[in-house]
Structure formats: C-alpha cells, structure tokens
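Student: Take a look at this one; I'll ask things after.
Read-outs throughout are calculated quantities, based only on the coordinates presented, and are distinct from any laboratory measurement. Please read all numbers here as calculations on a predicted model, not as lab measurements. We place every Cβ from the backbone using ideal geometry, glycine too, and count neighbours over all the protein chains shown.
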Amino acid sequence: AQRVTQPEKLLSVFKGAPVELKCNYSYSGSPELFWYVQYSRQRLQLLLRHISRESIKGFTADLNKGETSFHLKKPFAQEEDSAMYYCALSGRGMGRRALTFGSGTRLQVQP
Amino acid sequence: KAGVTQTPRYLIKTRGQQVTLSCSPISGHRSVSWYQQTPGQGLQFLFEYFSETQRNKGNFPGRFSGRQFSNSRSEMNVSTLELGDSALYLCASSFPGQGNEQFFGPGTRLTVL
C-alpha cells in the first residue's frame with residue numbers, strides 16, 4: 001500500500017532561518033511526488049512537483065529514491081511562508097490523479 | 001479563468017439522511033477528483049471521474065458514490081449518513097498534460113448530527 005509520512009505536525013522557525021519539512025513515502029514503483037500548500041483562508045494549491053525540478057518561492061525538493069524521501073527545503077524562511085504543507089504521492093498512468101496525502105506540517109515563521 | 005466551485009459550502013444533516021454535493025471544474029478541465037478531509041484521517045482520496053467515467057476509487061464504502069456530467073460538472077452522493085461522515089469534502093479538477101496538477105475548490109463542510 002502506498003503511504004506518505006510527514007513526521008512533524010508543527011515546525012516553528014524564525015524569519016531568515018533555514019527550513020526543512022520532512023516527507024517519506026512508501027510505494028512499489030515509480031511515484032510522482034508533490035508538495036501542496038494551504039495558506040490561511042485559501043485553497044489547497046500545488047507548490048511544486050518532483051518532475052519539474054523547479055524552485056518555487058525559494059522552495060526546492062529533491063526526490064531521494066534510496067531513502068524514499070522528498071523533503072521540502074528553503075534556505076531563508078519568510079513570514080509569508082507560514083502555512084500548512086502537505087506532501088502527496090500519485091502513481092502513474094490511470095492512477096495518476098489519485099493523490100495520497102501526508103498528514104501535513106504546519107510551518108510557523110516567527111518575526 | 002474562474003476557479004473550481006463547490007456548492008453548497010456548508011451543510012448540516014442528520015444520521016440516516018443522504019446528501020449530494022456539487023463541483024464545477026475549471027473550464028476545459030475534464031478530470032474531477034473528490035477528497036474527504038477529517039482531523040483524524042487527514043486528506044483521503046474518494047474517486048476520480050474523467051469524461052463521465054469513474055477511473056479511480058478510494059477505499060470508501062459503497063454509500064459514497066459520484067457521477068460526472070457531459071459538461072464535466074460532478075456530484076458526489078453519500079447515503080445513510082453516519083456521524084463519521086462529518087468532514088470537509090474537497091473537489092479538484094485537472095487538465096490532461098498539465099503535469100498532473102490538481103486545482104482544488106474551497107470545499108463543502110458537511111456536519112452530520
């Protein structure tokens with residue numbers, strides 16, 4: 001069975017500090033990995049996906065197949081980064097729009 | 001483009017009743033997925049529809065069903081409501097070829113008393 005684990009419910013950092021939100025997954029095959037974010041009173045939205053290998057709002061995430069991890073990182077946190085972050089996984093082909101989400105990590109960036 | 005819309009936004013029902021939730025995807029999107037969000041279980045995939053056909057189904061009982069219309073609008077139905085069905089129900093739409101990005105609606109908050 002596929003599973004996504006986000007071990008931290010809450011991560012609190014000061015502005016300017018580095019951030020790392022952890023995500024581990026289990027999946028038999030080659031999954032697609034995503035990070036979704038939900039800012040206060042806004043909808044859940046895609047932040048980035050591993051296939052694109054892009055940096056969005058200073059965030060990056062590298063897929064480590066050996067450690068089955070997809071940690072989200074940002075070198076210098078900003079107050080506007082405070083939000084709920086969800087790691088998600090999908091299969092390929094017909095199952096690619098059935099996302100399995102982690103339990104989420106709330107990031108609090110303090111001034 | 002207008003985003004994904006869901007109606008109603010809030011709903012209160014009693015045990016044993018049934019409920020129908022509606023989702024209008026972004027124009028041009030043909031895939032609609034439904035998720036249930038609860039404090040205990042988090043976000044869980046219910047089902048996905050594409051071109052009026054159910055393509056994927058999550059691990060939910062048969063009381064949960066859905067359908068999609070020719071204009072891509074989708075409805076989900078929950079029959080014989082139980083207290084545990086109280087949740088935020090999210091709908092997401094996507095367009096083939098856009099890297100599997102799903103666009104989420106604001107959700108329908110269902111409370112079962």
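Student: How about the stretch A:48-111: which trypsin sites (Lys or Arg not before Pro) there lie in a loop by DSSP and see at most 13 other Cβ atoms within 10 Å?
Tutor: Here the sparse-neighbourhood loop sites are A:Arg53, A:Lys57, A:Lys65, A:Arg92.
Student: Please identify the chymotrypsin sites (Phe, Trp or Tyr not before Pro) of the stretch A:13-43 that satisfy two criteria: DSSP loop assignment and at most 11 other Cβ atoms within 10 Å. Which are they?
Tutor: none
Student: Next up: Quantify how strongly other chains surround peptide A:45-55 by giving the mean number of their Cβ atoms within 10 Å of each of its Cβ atoms.
Tutor: Per-residue shielding by partner chains comes out at 2.
Student: Please report the relative contact order for chain A, taking Cα pairs under 8 Å with a sequence separation of at least 6, and give it as a percent rounded to a whole number.
Tutor: 38
Student: Give me a comma-separated list of calculated 3J(HN,Hα) values for the stretch B:66-79, in order, Karplus coefficients 6.51, -1.76, 1.60 applied at θ = phi - 60°, integers in Hz, x for any Gly or Pro.
Tutor: Calculated HN-Hα couplings, in order: x, 7, 9, 9, 5, 8, 6, 4, 10, 10, 10, 10, 10, 9 Hz.
Student: Can I ask one more? Take the cross-link list A:Lys22/A:Lys57; A:Lys9/B:Lys13; A:Lys9/A:Lys57; B:Lys13/B:Lys57; A:Lys9/A:Lys74 and give me the ones stretching past 27 Å between alpha-carbons.
Tutor: From the list (A:Lys22/A:Lys57; A:Lys9/B:Lys13; A:Lys9/A:Lys57; B:Lys13/B:Lys57; A:Lys9/A:Lys74), the Cα-Cα distance tops 27 Å for A:Lys9/B:Lys13.
Student: Then there's this: Please list log₁₀ I(q)/I(0) at q = 0.10, 0.14, 0.17 Å⁻¹ for chain A, using the Debye equation with identical point scatterers on the alpha-carbon positions.
Tutor: Log10 of I(q)/I(0), two decimals: -0.26, -0.52, -0.76.
Student: Go through the stretch B:28-45 residue by residue and turn each phi into a ³J(HN,Hα) via Karplus (6.51, -1.76, 1.60, θ = phi - 60°); whole Hz please, and just put x for glycine and proline.
Tutor: Values, residue by residue: x, 7, 10, 9, 10, 10, 10, 9, 10, 10, 10, x, x, 9, x, 8, 10, 6 Hz.
Student: Run a plain Debye calculation on the protein assembly as shown (Cα atoms as equal point scatterers, no solvent) and give log10 I(q)/I(0) at q = 0.08, 0.10, 0.11 Å⁻¹, rounded to two decimals, same order as the q list.
Tutor: Debye output, listed in q order: -0.29, -0.45, -0.55.
Student: Would you give the gap between the C-alpha center of the stretch B:8-73 and the C-alpha center of the stretch A:1-69, rounded to a whole Å?
Tutor: The two parts, judged by their Cα centres, are 25 Å apart.
Student: Just want to confirm a number: the relative contact order over chain B, from Cα pairs under 8 angstrom separated by 6+ residues, in percent.
Tutor: 36 percent.
Student: What percentages make up the Cα-Cα pair-distance distribution of the stretch B:62-113 when the bins are 5 Å wide from 0?
Tutor: 4, 16, 21, 23, 18, 10, 6, 2, 0
Student: Grab the eigenvalues of the alpha-carbon gyration tensor for chain B, scale each by 5, take roots, and send me the semi-axes largest first in whole angstrom.
Tutor: Semi-axes from the Cα gyration tensor: 23, 14, 13 Å.
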